[in-house]
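A quick write-up on the structure given underneath.
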Amino acid sequence: MALALLLTAQDAGDLRSNEITVIGRKLKDWRGHADFKKGRASCRTRKSTGDAAIDRIGCESTVQCFTAMRPRFDASQDKALVADERKRRLDALNQELGQCFADKREAMIAALADARATQGN
């Protein structure tokens, strides 16, 4: 009985690990477009992964990160700043945005993989 439980736990871990890999690969192909209208961020999938849950990860992470950084992006475009300073700020923000996407997507991928691994048992 204990061996069966151990094997089931290993299978769940393997399923989760495989799901993380598959989701991550599919998400690399996802393309979307974020926009701000009336102060709210929105996202539209332009190139789907073929999996609505994975597409949702792409859009949700995009909206969350853009919403959090929007005030700083707007401030970086201040014409009172010299062009070099605007560029420096924008470059730094783009790096932070990339890290935000990676962090949000990693957490969302793990949550989806957990849900799918649990459903697989």
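Since every read-out is calculated from the coordinates, none of them should be taken as a lab result. These figures come from a predicted structure and were not determined experimentally. With ideal geometry, Cβ positions are generated from the backbone for all residues, glycine too; neighbour counts draw on all protein chains shown.
Just give me the residues in the range 52-63 being within 24 Å of residue 92 (Cα to Cα) and surrounded by fewer than 17 Cβ atoms within 10 Å (Cβ to Cβ), in sequence order.
Across the range 52-63, the qualifying residue is only 60.
Could you count how many residues in the range 23-51 are out of contact with any strand residue (DSSP E or B) (no Cβ under 9 Å at 6 or more places or on another chain) and either of a type outside the set (Ser, Thr, Tyr) or exposed (fewer than 12 other Cβ atoms within 10 Å of the Cβ) (or both)?
The number of residues fulfilling the criteria is 12.
Of the conditions (1) of a type outside the set (D, E, K, R); (2) within 19 Å of residue 27 (Cβ to Cβ); (3) touching a residue at least 12 places away in the same chain (Cβ under 8 Å), residue 93 clears all except one; give me its number.
(2)
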